[in-house]
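*Asks:* To start, I am sharing the structure in question, which I have written as structure tokens.
What follows draws every value from the coordinates through simple rules; no lab data is involved. Because the structure is predicted, anything quoted here is derived from the model rather than measured. Here the Cβ positions follow ideal geometry from the backbone for every residue, glycine too, while neighbour counts run over all protein chains shown.
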Amino acid sequence: MVTAPGATAMVDIHSHILPDQDDGARTFEEALSMVRMAAEAGTTDIVASPHANSQFAFHPTVVEQKIAELQRAAGVAVRIHYGCDFHLTPENIEDAIASPGKYSIDHKGYLLVEFADNMVPKTMDSIFSRMLAAGLRPIVTHPERNPLLQKKLPELELWVRQGCLLQVTAQSFLGRFGKAAKSASDELMKRGLVHFLASDAHDCKHRPPLLDEAWRYIARHYGEETARLLLEDDPHAALTGADLPIAEMEVKKRKWFSRLRSKT
């Protein structure tokens, strides 16, 4: 597999590579194959983020143990990090606010937040305010694939102004999740609302842990600096708990709009 030019240190902040934890990798062998596939495509760091919802219980100690086992087998090709695909149940919300490190990436505060497809809580502004006050940095995952959030771009803009961040699935840009998801992905990019691209990988075939093709797409349409920002710089900040280079993002946004205007 050939990586995209320059795409040699990509960080994937959202994946379901841990075996027997949710609807992702089913076996240890499949998990190891996913990790190796990611490494071959240029990913150096990948966050294992099993679901925490009414169907799949999230146990931090078990997650840490599974990561350690997978890391030993994978060797040094990829660094595997702690995370969670956090669902907005009342119990989860209160637990995360009380223990900000429990669900966040490497316990550093950045929290992957997944909305249900059929409901957006009316008090979401308040919930996000409480999370932010507790030291969490919510990352709304794959809004482009959520049929409700696709229609709520003004709300997404307000949440970003509030301090939240957005993560788009890499393969949505490539049309792998349908026309609506691709259209929403490009619209979010045009509005300068995308902070991360990630694989949301579940297996090696249908939802693989690959980011290199999305790198090429972003580099072609928005510039290589933008690809690096969304696939390396911002995700790396999430691993360390550092602030995102928002000022740099604003410069990129101006370039995006300038380029888009020149094509119309």
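*Asks:* Taking the alpha-carbon centroid of each part, what is the distance from segment 199-243 to segment 82-121 in angstrom?
*Replies:* Segment 199-243 and segment 82-121 have Cα centres spaced 21 Å from each other.
*Asks:* Follow-up. Of the peptides 118-125, 99-106, 193-200, how do they stack up when ordered by the mean number of other Cβ atoms within 10 Å, highest first?
*Replies:* On the way: 118-125: 12.1, 99-106: 19.2, 193-200: 26.4.
Averaged packing, sorted descending, gives the order 193-200, 99-106, 118-125.
*Asks:* Here's another thing I want to ask about it. Using +1 on the beta carbon of Lys and Arg, -1 on that of Asp and Glu, and nothing else charged, what's the dipole of segment 10-263 about the Cα centre, debye to 20?
*Replies:* On the way: 31 positive and 35 negative charges, 231 e Å.
My answer is approximately 1100 debye.
*Asks:* Calculate the spin-label point distance for residue 61 paired with residue 246, positioning each point 7 Å from the Cα along the beta-carbon direction, and give it in nanometres.
*Replies:* 3.9
*Asks:* Over all alpha-carbon pairs of segment 110-248, lay out the pair-distance distribution in 10 Å bins, whole %, shortest bin first.
*Replies:* Spelled out per bin, shortest first, that is 12, 45, 36, 8, 0.
*Asks:* May I pose another question? Taking 31 Å as the cut-off for C-alpha to C-alpha distance, list the pairs among 102/182; 122/179; 66/151; 108/190 that go past it.
*Replies:* Values: 102/182 33 Å; 122/179 28 Å; 66/151 38 Å; 108/190 29 Å.
Pairs exceeding 31 Å: 102/182; 66/151.
*Asks:* Under the √(5λ) rule applied to the eigenvalues of the Cα gyration tensor, what semi-axes describe the equivalent ellipsoid of segment 68-149? Give them in Å, descending.
*Replies:* Values: eigenvalues 139, 54, 19 Å².
Largest first, segment 68-149 gives 26, 16, 10 Å.
*Asks:* Report the semi-axes of the equivalent ellipsoid for segment 13-71 in whole Å, largest first, where each axis is √(5λ) for an eigenvalue λ of the Cα gyration tensor. All intermediate terms of the calculation are to be shown ahead of the outcome.
*Replies:* Working: eigenvalues 75, 24, 24 Å².
Its equivalent ellipsoid spans semi-axes of 19, 11, 11 Å.
*Asks:* Kindly list the residues of segment 136-159 that lie in the label zone of residue 97, defined by a backbone N under 20 Å from the point 7 Å along the Cα-to-C-beta vector.
*Replies:* Correct set: 136-141, 159.
*Asks:* Work out the FRET efficiency for residue 133 and residue 183 from their Cβ-Cβ distance, taking R0 = 35 Å, and round it to the nearest 0.05.
*Replies:* Values: r = 35 Å, r/R0 = 0.99.
It comes to 0.50.
*Asks:* Please give the length that would be gained between residue 191 and residue 28 if that part of the chain were fully extended, namely 0.36 nm times their separation in residues minus their C-alpha to C-alpha distance (nm, one decimal).
*Replies:* The residue 191-residue 28 span can extend by a further 54.7 nm.
*Asks:* Using only the alpha-carbon atoms, what does segment 10-263 span along each of its principal axes? Please give whole angstrom values in decreasing order.
*Replies:* Between the extreme Cα coordinates on each principal axis of segment 10-263 lie 50, 41, 32 Å.
*Asks:* Can you compute the helix-only [θ] at 222 nm over the chain? Use -39500 (n - 2.57) per DSSP H run of at least 4 residues, normalise by all residues, nearest 500 deg cm²/dmol. Working shown, then result.
*Replies:* Numbers: 11 runs with 114 residues, N = 264.
The per-residue figure over the chain is -13000 deg cm²/dmol.
*Asks:* Next question. Could you give the size of the charge dipole of segment 19-80 about its Cα centre, using +1 on the Cβ of each K and R and -1 on the Cβ of each D and E, expressed in debye and rounded to the nearest 20?
*Replies:* Numbers: 5 positive and 9 negative charges, 31 e Å.
I would put it at about 140 debye.
*Asks:* Please list 10-17, 89-96 highest first by mean number of surrounding beta-carbon atoms within 10 Å per residue. Please report the intermediate quantities before stating the final value.
*Replies:* Numbers: 10-17: 28.2, 89-96: 14.8.
In decreasing order of mean packing, 10-17, 89-96 become 10-17, 89-96.
*Asks:* Next up: Taking the simple approach of a point 7 Å from Cα along Cα-to-Cβ for both residue 106 and residue 20, what is their distance in nm?
*Replies:* Output for this residue pair reads 2.9 nm.
*Asks:* How far is it, in nm, from the label point at residue 151 to the one at residue 69 when both lie 7 Å from their Cα along the line to the Cβ?
*Replies:* 4.3
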